Amino acid sequence: MTPSSPRLRTLLLLLIVVVVGSGCASIKKLWSFEKDKEGVPVAELYEQGHRSIREERWNTAAETFQRLLAQYPYGDYTEQALMETAYAQYKAGKHDDAISTIDRFIRTYPTHRNIAYLYYLRGLSNSSRNTVFLSRVFDLEMSSRDLSAPQQAFNDFNIVATRYPNSRYAADARERMVALRDQFSRHEIDTALYYLRRGAWVAAANRARHLVETYPQTQYQNDAVAVMAEAYTQLGNETLAADARRVLEANDPQHPWLDGDWPDYPSNFRKLNPFAGEKSAVEND
């Protein structure tokens, strides 16, 4: 069948008609949906969005509230619609959008009675920004990833805990700050161990000392002391090595370094995992 045959031209024409018809139908449906939302009373739009939230249809809820804000930028529903939009975006996993909406709210209503909730929600969104699907499949150490978002989350929770200590969100914000400090200290100990494994004794000791000074009372504090003890021993600094050993014996007499069984470096399989490699702790630092 040649390209110029009548039969081929007929088939191509039918194909074009089908494709164009389908596209027009989709555009018409979309246009109809948009038109259906225009002119809807603000109270009805708000109820539609709120119903979507109750039904956990987060994307639909966010889109409905955004349309409400576009059509009715000022009014009795504006503040609540902004908060509902941010919450729906957060629940939908659109954390960047949620943070943008929250920032808009904070700029517009800095003294709002629910401002503590907005900072708390921003903290939750920032905490979730580094979460990736593969972390559910592989044993990824989030401490070795970029910590800028968790650091911002810590700042958000700190605002809630310090500026609004009597709010209903303050207690949970403080608990999340503790968990984040452990994450930060894990990042520091991972980096110190990276240096230690490669014989960079001075860098390892400095990083461990930074952990002890910056994140005291975290679960990795004694590991940091052990790193210093090992690094100073390798450097031949008997005085500092003895001091570190004495502190470790006093605070954690069962620490495996004291028996020569620490550090326990990553397995060969873990070192082959490009997502969980210890090197990323330094490269993202």
For this session: Find the Cα radius of gyration of the stretch 39-110, compare it with 2.2 N^0.38 Å by division, and give the number to two decimals.
Result: 1.00
Exercise. Residue separation times 0.36 nm, minus the C-alpha to C-alpha distance between Asp261 and Glu79: what's the value?
Worked result: 59.7 nm
Exercise. Roughly how many nanometres apart are two label points built 7 Å out from the Cα toward the Cβ at Leu240 and Gln254?
Worked result: 3.1
Exercise. If R0 is 41 Å, what FRET efficiency do you get for Ala43 and Val178 from their C-beta distance, rounded to 0.05?
Worked result: 0.45
For this session: Could you run the Karplus curve 6.51 cos²θ - 1.76 cosθ + 1.60 with θ = phi - 60° over the stretch 91-99 and give me ³J(HN,Hα) per residue in whole Hz, x for Gly and Pro?
Result: 5, 7, x, 8, 5, 5, 5, 4, 5
Exercise. Going by average Cβ neighbours within 10 Å, how do the peptides 175-184, 235-244, 59-68 rank, with the highest at the top?
Worked result: 59-68, 175-184, 235-244
Seminar exercise, completed: For Val225, Val40, ascending order of other Cβ atoms within 10 Å (fewest first) is Val40, Val225
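A short reminder: the numbers here are calculations on the coordinates, not readings from a lab. Not measured: the values here are computed from a predicted model. Positions of Cβ are backbone-derived with ideal geometry, glycine not excepted, and every protein chain shown enters the neighbour counts.
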